[in-house]
Amino acid sequence: MKYSLLFFALLGLSVGLGAADDKSKGIQMPETFISGDPDKGSALVESCVACHGVDGNSISTDWPKLAGQNQKYLLEELKHFRDGERNNVLMMAVIPYLQTLSDQDLLDIAAFYSKYNTNVGQAKNDEELLALGTQLYRFGDIKKQIPACTSCHAVYGQGNRLAGYPVIAGQQIGYLTSTLKAYRSKERNAGESSLVMQAIAENLSDYEIDALANYMHGLYE
């Protein structure tokens, strides 16, 4: 029963994030998302380069790759950091800078990173780990009330740009691991989608998180 409710919660959240009221017809219509200006964004990322790289491909496993990430997701997360709704020790140094930026500035930064390609990752060649990661990502685990990751992040990890679900293909293993554990402990709780991720992550063991992180790191089209 819990699994069924979670499935419908995922479906409802996807629709809710990607729709707006059409008052003239009384129906739900897709929301129009206006892209930022990557050229303006390029002048605002000096403080980001040290950790995330000049093109958004970080060199440390603990720092997320921003290259190729969808703008809606990046914008929302930057706003969460700026507004004090999301805390992360690795971001503390740049929070004061983010607090000087407008929503449009943050959107332009998001546009800048979204134009780059993510460097392809390489999953560990561990048959058991890969098999478990593949199973969880593609099909989930009904007995543990874990839905397939493809529900929101798509088959090849490209996410959902309209709904703002992030691209996870090729993402750094360390970041994926720490993020899933932060959801599991409810340390990461900013935004509506965090509630869905918390419900999923609470049923994941450390080994299952390692398997998923390994699989997603090597996932690409």
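So the values come out like this:
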| read-out | value |
| --- | --- |
| Members of the range 56-73 found to be assigned to a loop (DSSP other than H, G, I, E, B) and of a type outside the set (A, V, I, L, M, F, W, C), listed by number | Gly56, Asn57, Ser58, Ser60, Thr61, Asp62, Pro64, Lys65, Gly68, Gln69, Asn70 |
| Pairs, first β-branched (Val, Ile, Thr) in the range 141-156, second surrounded by fewer than 20 Cβ atoms within 10 Å (Cβ to Cβ), C-beta under 7 Å, six or more apart | Ile142/Tyr3; Ile146/Asn203; Thr150/Arg138 |
| Among residues of the range 139-168, those that are in a strand (DSSP E or B) and more than 20 Å from Leu66 (Cβ to Cβ), counted | 2 |
| Failed item, numbered, when Asn119 is tested on (1) over 19 Å from the mean Cα position of the chain (by Cα); (2) within 18 Å of Tyr175 (Cα to Cα) | (1) |
| Any hit, the range 185-198, residues being in a loop (DSSP other than H, G, I, E, B), crowded, with 18+ Cβ neighbours inside 10 Å and in contact with a strand residue (DSSP E or B) (Cβ under 7 Å, 6 or more places away or on another chain) | no |
| Unmet requirement for Glu76, which otherwise passes all of (1) at pLDDT below 95; (2) under 17 Å from the mean Cα position of the chain (by Cα) | (1) |
| Residues satisfying the stated conditions in the range 174-184, i.e. buried (at least 21 other Cβ atoms within 10 Å of the Cβ) and either assigned to a loop (DSSP other than H, G, I, E, B) or of a type in the set (Val, Ile, Thr) (or both) | Thr179 |
| Number of positions in the range 35-55 that are among the small types (Gly, Ala, Ser), part of a loop (DSSP other than H, G, I, E, B) and crowded, with 16+ Cβ neighbours inside 10 Å | 2 |
| Residue within the range 123-145 that is closer than 27 Å to Asp55 by Cα and surrounded by fewer than 22 Cβ atoms within 10 Å (Cβ to Cβ) present | yes |
| Yes/no for Val155 being touching a Lys or Arg at 6+ places or on another chain (Cβ under 8 Å) and either surrounded by 20 or more Cβ atoms within 10 Å (Cβ to Cβ) or hydrophobic (A, V, I, L, M, F, W, C) (or both) | yes |
| Which numbered condition Glu128 fails, given (1) touching a helix residue (DSSP H, G or I) at 6+ places or on another chain (Cβ under 9 Å); (2) without any contact (Cβ under 8 Å) to a residue 24 or more places away in the chain; (3) in a loop (DSSP other than H, G, I, E, B); (4) farther than 21 Å from Ala182 by Cβ | (3) |
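This table checks each residue for (1) in a loop (DSSP other than H, G, I, E, B); (2) among the aliphatic types (A, V, I, L, M); (3) under 24 Å from Gly191 (Cα atoms).
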position: Gly84; (1), (2), (3): yes, no, yes
position: Thr100; (1), (2), (3): yes, no, yes
position: Phe112; (1), (2), (3): no, no, yes
position: Thr118; (1), (2), (3): yes, no, no
position: Gly121; (1), (2), (3): yes, no, no
position: Leu132; (1), (2), (3): no, yes, no
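The values are calculated or read from the model by the stated rules, or taken from the named source; none is laboratory data. Worth saying up front: this structure is predicted, and the values here are computed from it rather than measured. In this analysis, Cβ positions are derived from the backbone assuming ideal geometry, glycine residues included, and neighbour counts consider all displayed protein chains.
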